[in-house]
Amino acid sequence: MAHYLLSVYQPAGGEPPSEAELGEIMARLDRLHTDMREAGVWVFSGGLEAPHTATVLARSGDDVLVTDGPFVELKEYLGGFTIVDAPDLDAAMHWARRSTEATGLPIEVRPFHWTV
């Protein structure tokens with residue numbers, strides 16, 4: 001089995017869902033995560049705060065500069081992710097398809113490599 005990162009991309013500056021819509025999305029995600037656990041593929045999931053909460057550290061010569069906010073101007077941003085343990089890319093894409101159906105947002109699939 002291989003690990004895959006399913007990244008959720010959200011549009012920057014778009015209208016957030018209403019509380020009712022968000023409740024429906026969260027219910028679909030809860031069901032999806034339950035299905036992933038029951039299938040034995042779920043490893044980890046998490047959501048990220050909005051980009052304005054970010055702090056970026058970047059090397060500049062011998063110094064490290066600290067900047068508030070995202071590194072670049074964004075049209076979309078990483079809003080959350082799930083790591084799945086799937087036998088192959090096709091299986092990971094099945095869960096990504098379910099994820100985009102649950103959220104209505106684009107999902108990027110990439111092989112994930114653990115480092116120790």
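Each value in this text was obtained by applying a stated rule to the coordinates, not by laboratory testing. Keep in mind that what you see is a predicted model, and the values were worked out from it rather than measured. In this analysis, Cβ positions are derived from the backbone assuming ideal geometry, glycine residues included, and neighbour counts consider all displayed protein chains.
General remarks:
- Per residue, the average separation of C-alpha pairs within less than 8 Å and at least 6 apart gives segment 2-112 a relative contact order of 50 percent.
- For segment 1-55, the Stokes-Einstein estimate of translational diffusion at 4 °C and a viscosity of 1.567 mPa s comes to 95 µm²/s, using the Kirkwood hydrodynamic radius over alpha-carbon pairs.
- Build a GNM of the chain with springs between Cα atoms under 10 Å apart, and of GLY61, GLY80, GLY23 the one that fluctuates most is GLY61.
- Order of MET36, MET93 - criterion: other Cβ atoms within 10 Å of each residue's Cβ, fewest first: MET93, MET36
- Extension gain (nm, one decimal) between GLU49 and ILE25, 0.36 nm per residue minus Cα-Cα: 7.0 nm
- Across all C-alpha atoms in segment 8-116, the radius of gyration and Dmax reach 16.5, 50 Å.
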